[in-house]
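So the structure is just underneath, and the comments pick up after that.
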Amino acid sequence: MSGLRNISRVTRRYASKRVVDANSSNGLNIFDRKAKRKQRNRAGSARDAGDYDLLKDKVAEHMCTRLQDITRTFPVALDVGCGRGHISKIIDKDVVGELYECDTASNMLLGHEVSSSVHKIIADAEFLPFANNTFDLVTSNLSLHWHNDLPAAFREVLRVLKPDGAFLATMFSGDTLYELRCSLQLAELERIGGISPRISPFVGMRDVGGLLSGFALITIDSDDIIIDFPDMLTLMNHLRGMGESNCMEQRKSVMRRDVITAASAIYSSMYGNEGGSIPATFEILNLIGWKPHASQPKASRRGSATASLRDLDKLV
């Protein structure tokens, strides 16, 4: 890998407009969760597993920086989909007291060392084994995108949070790996006359407002992180090492060699850098929401203003 470039930080705040029905699920399974658990267990047990932590460590560092901007402490916190402890090895121990890590992949969960204040539990975000109103803080770093029932996962987070508790999460979003997606699609169209689902669909920014239904004081923004790789095969190997290989239910298990060769050539031709490397874009959604509480600030009653914007020049 020749480097990581944080290209831009675009902060866009949205009201919690309801786009996704957060109280229902259509029952359609997009992802093979059993296959994903095997992939992540395989990645977590690899001797060189730490070589693939760059992106998730970078995003976790950004999340923990945001957490420090909140002027309070969190006695008990939960990290959902903790992976290799990207949050626990960075989080400020003066901000968070006890931290519970949970993940469905045991090798990811147990394959990293933690301090005595960190507890590990094998659990699924859609079925958290905790009582209502347990945690002051819940975090999730780049793990929720593989869930079939995202509304259920968000409801579980809201359930286990204490009133006025905070939820900080990051998720891969729509433009993630668009270069790889387009290159594979064009190569398959050329070689076999059709396309297969090779890259996971990702939640868009406007969809997240619906998923956060029930939360208060919502903030959503996005970052684009671009990592340069020597070639497409190195990128695909890196995704496999992260435990981020394709696990869609309708996936094809084998990709023809001529398709890979054609896709690699297309990738380099359409997106390649001058030095011969290729960029891979990861669009990261940053989410903050709070469980409602009477002490939180609320919008003033409509019509309660004591001054008009037409008189702004007189007030300045």
Open item on the list: So, R0 is 45 Å and r is the distance between the beta-carbons of ASP164 and SER45; what FRET efficiency does that work out to, to 0.05?
Closed with: 0.70
Open item on the list: Between 0 and 90 degrees, rounded to the nearest ten: what's the tilt of helix 178-192 against the longest Cα principal axis of the chain?
Closed with: 40 degrees
Open item on the list: Give me the net charge for the shell around CYS247: Cβ to Cβ below 10 angstrom, other residues only, Lys and Arg +1, Asp and Glu -1.
Closed with: +4
TODO: Sketch the reach of a paramagnetic label on ARG251 as a point 7 Å from Cα along Cα-to-Cβ, and name the residues of region 179-220 whose backbone nitrogen lies under 15 Å away.
DONE: 181, 196-202
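Assuming R0 = 51 Å, can you tell me the calculated FRET efficiency for the pair LYS34 and THR219, based on Cβ-Cβ distance, to the nearest 0.05?
With a Förster radius of 51 Å, E is 0.90.
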Open item on the list: Among ASP69, ASP136, ASP164, which one shows the highest mean-square fluctuation when the chain is modelled as a Gaussian network with alpha-carbon springs under 10 Å?
Closed with: ASP69
- [ ] With everything on Cα atoms, drop me the angle between helix 232-242 and the longest principal axis of the chain, reported from 0 to 90° to the nearest 10.
- [x] 50 degrees
Task: Residues of type aspartates and glutamates that LYS58 reaches as a straight line, Cα spacing below 17 Å, ignoring anything fewer than 8 places off in the same chain - done: ASP79, ASP92, ASP221, ASP223, ASP224, ASP228, GLU244, GLU283
TODO: Please determine, in degrees from 0 to 90 and to the nearest 10, the orientation of helix 150-160 with respect to the longest principal axis defined by the Cα atoms of the chain, where the helix direction is its Cα long axis.
DONE: 40 degrees
Open item on the list: Accessible area per residue for region 19-131 in Å², computed with a 1.4 Å probe and the full protein assembly in place, what is it?
Closed with: 50 Å²
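How big is the antiparallel share of DSSP beta bridges in the chain, given as a percent to the nearest 5?
Values: 28 of 50 bridges.
So the antiparallel bridges amount to about 55 percent of the total.
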TODO: Could you work out which residue, out of LEU189, LEU78, LEU137, moves most in a Gaussian network model of the chain, that is, has the largest mean-square fluctuation with Cα springs under 10 Å?
DONE: LEU189
Open item on the list: Below 8 Å between Cα atoms, with a sequence gap of 6+, how large is the relative contact order for region 38-154 in percent?
Closed with: 29 percent
Task: Cα-based Rg / Dmax (Å) for region 143-240 - done: 17.2, 56
Task: Derived scalar couplings ³J(HN,Hα) [region 269-275; Karplus, 6.51 cos²θ - 1.76 cosθ + 1.60; whole Hz; x for Gly, Pro] - done: 5, 7, 10, x, 7, 4, x
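Give me the net charge of LEU189's neighbourhood, meaning all other residues with Cβ under 14 Å from the Cβ of LEU189; Lys, Arg count +1, Asp, Glu -1. List each step's numbers first, then the result.
Numbers: positive: ARG181, ARG191, ARG198, ARG256; negative: GLU188, GLU190, ASP258.
Cβ neighbours under 14 Å give a net charge of +1.
If one computes P(r) from the Cα atoms of region 201-240, what percent of pairs lie at distances over 12 Å?
71 percent
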Task: Distance from region 93-111 to region 241-316 (C-alpha centre basis), Å - done: 25 Å
Task: Ratio of Rg to Rh over region 112-190 (Cα coordinates, Kirkwood Rh, two decimals) - done: 1.14
- [ ] Mind putting together the pair-distance distribution for region 58-123? All Cα pairs, 10 Å bins, whole percent per bin, short to long.
- [x] 22, 56, 21, 1
Task: Loop-located GluC sites (Glu not before Pro) in region 100-130 whose Cβ has at most 15 other Cβ within 10 Å (DSSP) - done: GLU113
TODO: Could you pull out the pairs from LYS89/LYS120; LYS56/LYS252; LYS36/LYS252; LYS56/LYS89 whose alpha carbons sit more than 19 Å apart here?
DONE: LYS56/LYS252
TODO: Compute the distribution of all C-alpha to C-alpha distances in region 45-201, in bins of 10 Å from 0, and list the percent of pairs in each, rounded to whole numbers.
DONE: 10, 36, 32, 14, 6, 2
Open item on the list: Of the candidates LEU109, LEU144, LEU28, which one comes out as most mobile in a Gaussian network treatment of the chain with C-alpha springs shorter than 10 Å?
Closed with: LEU28
TODO: Let me have the relative contact order for the chain, percent, based on Cα pairs under 8 Å that are six or more residues apart.
DONE: 26 percent
Open item on the list: Normalised radius of gyration for the chain, please: alpha carbon Rg relative to 2.2 N^0.38 Å, two decimal places.
Closed with: 1.08
- [ ] Take the solvent-accessible surface of the protein heavy atoms, probe 1.4 Å, and return the percent of it on the chain that carbon and sulfur atoms account for.
- [x] 50 percent
Open item on the list: So, taking all protein chains as they sit and a 1.4 Å probe, how much accessible area belongs to THR261, in Å² rounded to tens?
Closed with: 90 Å²
Task: Rounded to the nearest 10 Å², the accessible area of MET248 at probe 1.4 Å - done: 30 Å²
Open item on the list: Suppose we take every Cα in region 166-316 and form the convex hull; what volume per residue is that in Å³?
Closed with: 215 Å³
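The values are calculated or read from the model by the stated rules, or taken from the named source; none is laboratory data. Please read all numbers here as calculations on a predicted model, not as lab measurements. FYI the Cβ positions are ideal-geometry reconstructions off the backbone, even for glycines, and counts take in every protein chain you see. Areas reflect the complete protein model, heavy atoms only, side chains present, ligands, DNA and RNA absent. Shrake-Rupley method; radii C 1.70, N 1.55, O 1.52, S 1.80 Å.
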